[in-house]
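The block underneath contains the structure these notes are about, expressed in C-alpha cells.
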Amino acid sequence: MAMTILAPNSPLSVVEALRGDKTKRPVSDFSSASGLRAQLEDGIYSIMGKASPVSPLVVRSSSLRQSHPTSDIQQASLSLFRGILVTQVLRLLSIGIEVSDPFSEALSAWRCEKSGTEIIRLFNQLDKDQVARLEADVNAHSSTLKRSLGTVNAAWSPRSCVRSSQRFAGGHVLLFDVIDLMVGSTVSELASVALFDVTTSPLNAGAERTMRYHALLQTLKTSVVPLRTSIFSSATSELWTSDVDYELLSRSVDEVLAVLSDMWKYV
Amino acid sequence: MSTLLHRRNTVRNVNELVASAPTTSSQLTNDHRASLSARFRAVNTSTHRRLDAWMVEQAGKPYDPFHWTPQIARRVLGTNALRRINARNDLSISQAVRDELADHLLRSTAGYTQSGSLSYWLSGLSHASLGLVCAEAVTWSTTTYEVLQGLEHPWQLAQSDAYYDVSASRTSLRGRRDIVIKNDDQRVVLRLRAGSPGKSSGPGLRCDLTIDALASPTGTAASRFIGVWPDAGVCLSVDGTMADLRAGARDLVRTAVVQQRGQMLKAA
C-alpha cells in the first residue's frame, strides 16, 4: 500500500524559494515593457482591426486557465469560496498574524472586506452541510499553506492582493489581474520583485499560463520586469517557480492574444 | 487650453513631470472666492453640501452613506504609518502600521473616540478583520513608499487633505493630496489613487487642484498637480493655470447643480 509521509518541517519554505540567492539577481530590466506593449497592440490590431466592440473584451488570469466545464454549480461555488478564504489566510500570514482558526478568521476578514455584497449573500445561502464541508476544506488547505509558506520578513515589502489593470486598443481591451502576494521593490537596481499566487486546485498547464500572465501584467504596470513568478497549490503542496525573462513574457503575450482571438469569434 | 498630460507611471516620468513643472503658478484672489461663493449660493440646498473630485468624476451621482471599510481605512493608516517611518528610520512598514492601529485602539479604550470615527470602527472589529485592515494598509503604504523612493526632489507627506468651506453657501469642498514636492520655489502635489483612471479623471484632478488652491491662505495654486494610479501604471497631471483652476471650479458648481436636480426629482 502506498503511503505519503509529510515531514514536520519543509526543507525549504516557499518564501525562501521566492527570494532565492540574493547574490545571483540580475540587473532590473526597464526596457522590455515597451516592446511587449507594442507586441500586444500589434497583435490586438491583427485580431480586431479597426472594429470597436460595444463592450470591451476583458482578460483575467482565470481566462488563461484550462476551462473545465462543471455540471455541479454548488461544487463550483464551494471551490470559489474555498479559494477566497484561503487567500484571506495568506493575507493574514503575510503580515505575521497568527492564524489559529483559519476558517473562522478568514471568514471574519472576508465579511469585513465585502460586507453587503452579492457574493456574501451567496455565501449566506449555503446550508449547514456545505458550510461544514467548506470549513474542513479551508482548514486543511490553510494548514498546508501555513506549513509551507515560512516567515515573510517585513523588510521584503510584502503586499497582498495587488491589483493591475491595463487598457489596450483605445480601451477596447482590458487586462485585469490580482496577485495574491508580492515581495521586493520595483525601484531597486537589481531585480527583486517576486510574485506569488496560491491556488486550491492541483497545478496544471493553466497554472503555468497564470504565472506568466502575472509577470506580464506586473511588467506592463510598472515597466520593470519582476525577478520571478510562482504558484503554489495548497491541494498538493507543490510550488512552481520560474525566473522571468523576455521569452517568458513574450510567450504570455501570445497566450493573451490567443484568448482574445477566441473571445473575438463570439463578439 | 487644457494642460492635461498622460504618462506611464515610471520613476523617470514622475521625476520629469516634477522637474518640468511651470515656474509660475496662478493665484486665487478674494474676488475669485466671492464669485465662487455666489455661484454656490445660487444652487439651493436643504442640507450642508460636501463635494469632492470623486463626485465630479461620478457626475454628481447619489452615493451610499459613508461607512468605514478596510479599503477606505488603508489610506489614513498607511499614510500615518509613513509619517512614523519618516520620524524613525528603524521601523518597518508593517510595524509602523501596527503601531498606528494600536494607537487608534488605545484611543478607543481611553474613551477618546466618537461614534463613526476610524478608531471607533476599528475597536469593534475582530482580530482577523484587524489583520485584514493591517494588510490593506501595508499594501497602500508600500506602494506609496515606492513612489517616494523614486522622487529626486525634496518631498514631504501632506499634513492633511485640503478642506475649504465656501462662505455663506453651506458647501464644503474636500481635495485629496498625498505628497507635496518642493521644487525650487514651486510646489508640486501628488495624489495617489487605486484603480485606473477613467475619462473624467482629468476633471477630477483639476477639482483637487482648485480645492488645494482655495485651501491655501494665499490662494496660490500648485504649479503642477500629478495624479498617480499605481494599479494601472499611469499618471496624469494638470498645471496650476487660471484656465485649469476655473475649469475645476466650474465642474464643482456643475456637480452641485446635478445633485440639486437629483434631490428635486427625488422629492417630486
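The values are calculated or read from the model by the stated rules, or taken from the named source; none is laboratory data. All values derive from a computational prediction rather than experimental measurement. With ideal geometry, Cβ positions are generated from the backbone for all residues, glycine too; neighbour counts draw on all protein chains shown.
Would you please name the residue that is surrounded by the fewest Cβ atoms within 10 Å (Cβ to Cβ), looking only at residues in region B:45-78 that are within 30 Å of B:SER92 (Cα to Cα) and among the β-branched types (Val, Ile, Thr)?
Looking at residues that are within 30 Å of B:SER92 (Cα to Cα) and among the β-branched types (Val, Ile, Thr), I get B:ILE72.
Specify the residue that is surrounded by the most Cβ atoms within 10 Å (Cβ to Cβ); the eligible residues are those in region A:158-200 that are within 25 Å of A:ASN139 (Cβ to Cβ) and away from chain B (no Cβ under 12 Å).
Filtering first and then ranking leaves A:PHE196.
If I ask for residues that are of a type in the set (Lys, Arg) and more than 9 Å from every other protein chain (Cβ to nearest Cβ), which ones from region A:82-113 would you list?
The answer is A:ARG82, and nothing else.
Sort out for me the helices (runs of 4 or more DSSP H) sitting completely within region B:7-114 that have 1 or more residues that are within 29 Å of B:GLU146 (Cβ to Cβ) and within 21 Å of the chain's Cα centre (by Cα).
Helices (runs of 4 or more DSSP H) meeting the threshold: B:11-19, B:53-57, B:70-87, B:93-109.
Within region A:192-206, how many residues turn out to be small (Gly, Ala, Ser) and modelled with pLDDT of 95 or more?
Selection size over region A:192-206: 1.
Return yes or no: is B:THR113 surrounded by 18 or more Cβ atoms within 10 Å (Cβ to Cβ), among the β-branched types (Val, Ile, Thr) and away from chain A (no Cβ under 14 Å)?
So B:THR113 passes the test.
Scanning for something at positive phi, assigned by TED's automatic domain parsing to the domain that holds B:ALA158 and either touching an Asp or Glu at 6+ places or on another chain (Cβ under 7 Å) or among the aliphatic types (A, V, I, L, M) (or both), does region B:218-235 turn up at least one residue?
No; the residues of region B:218-235 include none that is at positive phi, assigned by TED's automatic domain parsing to the domain that holds B:ALA158 and either touching an Asp or Glu at 6+ places or on another chain (Cβ under 7 Å) or among the aliphatic types (A, V, I, L, M) (or both).
Cβ contacts < 8 Å: first residue among the acidic types (Asp, Glu), restricted to region B:54-82; second residue buried (at least 18 other Cβ atoms within 10 Å of the Cβ), any location; separation 6+ or different chain. Result?
As it stands, the answer is B:GLU57/B:SER201; B:GLU57/B:PRO203; B:GLU57/B:GLY204, since those pairs meet every condition given.
Looking at this structure, is B:GLU146 surrounded by fewer than 21 Cβ atoms within 10 Å (Cβ to Cβ), within 14 Å of chain A (Cβ to nearest Cβ) and of a type in the set (Asp, Glu)?
In short, yes.
Among B:ASP239, B:ASP178, B:ASP184, which is the only one that is buried (at least 20 other Cβ atoms within 10 Å of the Cβ), over 15 Å from B:THR3 (Cα atoms) and among the acidic types (Asp, Glu)?
That would be B:ASP178, the only listed residue that is buried (at least 20 other Cβ atoms within 10 Å of the Cβ), over 15 Å from B:THR3 (Cα atoms) and among the acidic types (Asp, Glu).
Looking at region A:188-211, which of its residues are farther than 21 Å from A:GLN88 by Cβ and under 10 Å from the mean Cα position of the chain (by Cα)?
Answer for region A:188-211, where residues must be farther than 21 Å from A:GLN88 by Cβ and under 10 Å from the mean Cα position of the chain (by Cα): just A:MET211.
Could you count how many residues in region A:168-181 are closer than 16 Å to A:ILE47 by Cβ and of a type outside the set (Gly, Ala, Ser)?
Matching residues across region A:168-181 total 5.
Here's the yes/no breakdown for (1) within 19 Å of A:SER61 (Cβ to Cβ); (2) in contact with an Asp or Glu (Cβ under 7 Å, 6 or more places away or on another chain); (3) aromatic (Phe, Trp, Tyr):
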site: A:THR151; (1), (2), (3): no, no, no
site: A:SER157; (1), (2), (3): no, no, no
site: A:SER160; (1), (2), (3): yes, yes, no
site: A:VAL178; (1), (2), (3): yes, no, no
site: A:LEU190; (1), (2), (3): no, no, no
site: A:THR219; (1), (2), (3): yes, no, no
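Residues of region A:176-185 being without any contact (Cβ under 8 Å) to a residue 40 or more places away in the chain and either over 15 Å from A:SER230 (Cα atoms) or not assigned by TED's automatic domain parsing to the domain that holds A:ASP21 (or both), which ones?
Result: A:SER185, single match.
Exactly one condition in (1) modelled with pLDDT of 95 or more; (2) part of a strand (DSSP E or B) is not met by B:LYS182; state its number.
Answer for B:LYS182: the failing condition is (1).
Where in region A:79-197 are the helices (runs of 4 or more DSSP H), entirely inside, with at least 2 residues that are β-branched (Val, Ile, Thr)?
A:118-124, A:128-149
Being closer than 28 Å to A:VAL187 by Cβ, crowded, with 21+ Cβ neighbours inside 10 Å and more than 14 Å from the chain's Cα centre (by Cα) is true for just one of B:ARG224, B:ARG191. Which residue is that?
Every option except B:ARG224 fails the conditions.
Go through region A:22-52 and give me each residue that's in a loop (DSSP other than H, G, I, E, B) and not aliphatic (A, V, I, L, M).
Of everything in region A:22-52, those that are in a loop (DSSP other than H, G, I, E, B) and not aliphatic (A, V, I, L, M) turn out to be A:ARG25, A:PRO26, A:SER28, A:ASP29, A:PHE30, A:SER31, A:GLY49, A:LYS50, A:SER52.
Out of the residues in region B:79-109 that are within 13 Å of chain A (Cβ to nearest Cβ) and of a type in the set (Val, Ile, Thr), which is surrounded by the fewest Cβ atoms within 10 Å (Cβ to Cβ)?
Only one residue fits best here, namely B:ILE85.
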